[in-house]
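The values are calculated or read from the model by the stated rules, or taken from the named source; none is laboratory data. Worth saying up front: this structure is predicted, and the values here are computed from it rather than measured. Methodologically, a virtual Cβ is constructed for each residue, glycine included, from the backbone with ideal geometry; neighbour enumeration extends over all protein chains shown.
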Amino acid sequence: MKETILKAAEKMIRSRGYNGFSFREIADAVGVKSASVHYHFPTKGALGAAVARRYSDDFLSSLGPVDEAPMDAVGVQKRLHDLSRRSLVEENLMCLCGMLGAEVADLPGEVAAEVRVFFERSVAWTEAALARTEWGTRVGQTRRRKLALSTLATSEGALVLARSMGDISVFDEIDLPAPD
């Protein structure tokens, strides 16, 4: 039941944001009483943090181990960008932590902390993968970090624009920053 609740909450957050769902709606979606949701997650903050942690783990798992990342900088960027695009194409949903990131000022502390962890882990993966590339061996850590941040920001922004404009092709029109 806990996994079913997490999945329902994730879908609601990715489509409507943190403030766009209630325990009653989660309970209705999974066919239980609100008390059952509260049994597994005593507060909305606890539920939101668990959803963000699970999403982060799944996202990083989908990126794969750093030592299996592409050996060229553009390939590294494309792996991250393509994973972001997949959620939009397959489900017309936003990145969960991108959606939560837009609401970070209004999130409970435990949820905001998990959102930060998602972005830190994503940047760290991208930075480490870039460090293995020929480009990454020629540049310093600062340039690798800047490209990792720019790549993630571009992918998140592309999701926002494509979903807001109701046109997936907008995502594909947005170019990733080139390794310099």
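Structural remarks
- In region 24-48, of all residues being touching a residue at least 24 places away in the same chain (Cβ under 8 Å), of a type outside the set (D, E, K, R) and crowded, with 19+ Cβ neighbours inside 10 Å, the one that is nearest to PRO108 (Cα to Cα) corresponds to GLY48.
- Taking (1) farther than 30 Å from ARG132 by Cα; (2) at pLDDT below 95; (3) not in a helix (DSSP H, G or I) in turn, PRO42 satisfies each apart from (2).
- Region 58-98 - residue that is under 17 Å from the mean Cα position of the chain (by Cα) and β-branched (Val, Ile, Thr) and, of those, modelled with the lowest pLDDT: VAL89
- Within region 141-171, the set of residues being among the acidic types (Asp, Glu) and free of Cβ contacts under 8 Å to residues at least 12 places away in the same chain comprises ASP167 only.
- Selection count where residues are over 11 Å from TYR18 (Cβ atoms) and not in a helix (DSSP H, G or I), scope region 83-142: 8
- The one condition in (1) assigned to a helix (DSSP H, G or I); (2) closer than 30 Å to ARG144 by Cβ; (3) touching a Lys or Arg at 6+ places or on another chain (Cβ under 9 Å) that GLU10 fails to fulfil: (2)
Here's the yes/no breakdown for (1) more than 25 Å from ASP57 (Cβ to Cβ); (2) out of contact with any Asp or Glu (no Cβ under 9 Å at 6 or more places or on another chain):
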{"site": "PRO108", "(1), (2)": "no, yes"}
{"site": "TRP125", "(1), (2)": "no, yes"}
{"site": "ARG143", "(1), (2)": "yes, no"}
{"site": "THR151", "(1), (2)": "no, yes"}
{"site": "GLU156", "(1), (2)": "no, yes"}
{"site": "VAL160", "(1), (2)": "no, yes"}
{"site": "GLY166", "(1), (2)": "yes, yes"}
{"site": "ILE174", "(1), (2)": "yes, yes"}
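- Residues satisfying the stated conditions in region 125-180, i.e. among the small types (Gly, Ala, Ser), surrounded by 13 or more Cβ atoms within 10 Å (Cβ to Cβ) and in contact with a helix residue (DSSP H, G or I) (Cβ under 8 Å, 6 or more places away or on another chain): ALA128, ALA129, ALA131, GLY136, ALA148, SER155, ALA158, ALA162
- Long-range neighbours under 8 Å by Cβ, at least six apart or interchain, first residue within 17 Å of ARG121 (Cα to Cα) and in a helix (DSSP H, G or I) within region 59-78, second of a type in the set (Phe, Trp, Tyr) and at pLDDT 95 or above: PHE59/PHE118; LEU60/TRP125; LEU63/TRP125; VAL66/TRP125
- For the condition part of a helix (DSSP H, G or I) and either farther than 22 Å from LEU149 by Cβ or touching a helix residue (DSSP H, G or I) at 6+ places or on another chain (Cβ under 7 Å) (or both), SER56 qualifies.
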